[in-house]
Amino acid sequence: MLFRTHVVGAIASGILYFQYFNYNYALQYIFTFFTALLLSAILPDIDTPKSMLGKRVPILSWLLRLIFGHRTFFHAIWLPLLLSILLADFPAFSIGIIIGYGSHLLLDSLTKQGIQPFYPFRLRLRGPLESGGFVEGIIFIGLVILGAFSAAQML
């Protein structure tokens, strides 16, 4: 999936979370939550220099790709689980990380390349979609509409 789809998917997921679970928090909590959500939604692609994040830290991205490859360690559940446990005393961070990272993994599991959610174990989840294809464009538009509709219902 493309950067824009991951960002919109994370935002829509975050809005749904607030709509159904936590819509009465202070502005500072919401800002912290969405910052963690957006950063964790783009973090899994740090292992490819062509990604938006990889372009910002090319040496690190190249090194991570050399060590792990793409869609292996950074597309598994271990890093978000570890980060959310370490930040458990800060629920805005830990929940934002789980939802943002989770939305990224869910969207990438729909692609033909898929993900290995329990890397280094070989189980691979994959779907029929091409990253950047026509159907992804429809998913992107659907996520924008879902996020906007859910946000409007909260007002």
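The values are calculated or read from the model by the stated rules, or taken from the named source; none is laboratory data. These numbers were taken from a predicted model, which means no experiment stands behind them. As a convention, Cβ positions derive from the backbone with ideal geometry for all residues, glycine included, and neighbour counts pool all protein chains shown.
Kindly evaluate Leu53 against the criterion of being at pLDDT below 95, surrounded by 18 or more Cβ atoms within 10 Å (Cβ to Cβ) and either touching a Pro at 6+ places or on another chain (Cβ under 8 Å) or outside any loop (DSSP other than H, G, I, E, B) (or both). Answer is yes for this residue. Within region 99-138, the set of residues being β-branched (Val, Ile, Thr) and surrounded by 20 or more Cβ atoms within 10 Å (Cβ to Cβ) comprises Ile99, Thr111, Ile115. If you check Ile97 against the conditions, is it assigned to a helix (DSSP H, G or I), free of Cβ contacts under 8 Å to residues at least 60 places away in the same chain and among the β-branched types (Val, Ile, Thr)? Considered against the rule, which asks whether it is assigned to a helix (DSSP H, G or I), free of Cβ contacts under 8 Å to residues at least 60 places away in the same chain and among the β-branched types (Val, Ile, Thr), Ile97 comes out as no. Within region 131-153, being at pLDDT 95 or above and within 16 Å of Arg71 (Cα to Cα) holds for no residue. Against the definition (without any contact (Cβ under 8 Å) to a residue 12 or more places away in the chain, closer than 29 Å to Ile15 by Cβ and in contact with a helix residue (DSSP H, G or I) (Cβ under 7 Å, 6 or more places away or on another chain)), how does Leu105 come out, yes or no? For Leu105, the condition - without any contact (Cβ under 8 Å) to a residue 12 or more places away in the chain, closer than 29 Å to Ile15 by Cβ and in contact with a helix residue (DSSP H, G or I) (Cβ under 7 Å, 6 or more places away or on another chain) - is not met.
Scanning region 129-146 for residues that are farther than 10 Å from Arg4 by Cβ and among the aliphatic types (A, V, I, L, M) returns Leu129, Val135, Ile138, Ile139, Ile141, Ile145, Leu146. Please work out which residue is nearest to Phe121 (Cα to Cα), limiting yourself to region 35-50 and to residues that are at pLDDT below 95 and not β-branched (Val, Ile, Thr). Per the criteria, the residue is Asp47.
For region 119-153, a residue qualifies if it is of a type in the set (Gly, Ala, Ser), over 18 Å from the mean Cα position of the chain (by Cα) and within 28 Å of Leu79 (Cβ to Cβ), and the qualifying residues are Gly133, Ser150.
For the criterion of being at pLDDT 95 or above and over 30 Å from Gln19 (Cα atoms), Leu63 passes. For Ile67, are the conditions met, namely being part of a helix (DSSP H, G or I), of a type in the set (Val, Ile, Thr), in contact with a helix residue (DSSP H, G or I) (Cβ under 9 Å, 6 or more places away or on another chain) and without any contact (Cβ under 8 Å) to a residue 24 or more places away in the chain? Considered against the rule, which asks whether it is part of a helix (DSSP H, G or I), of a type in the set (Val, Ile, Thr), in contact with a helix residue (DSSP H, G or I) (Cβ under 9 Å, 6 or more places away or on another chain) and without any contact (Cβ under 8 Å) to a residue 24 or more places away in the chain, Ile67 comes out as yes.
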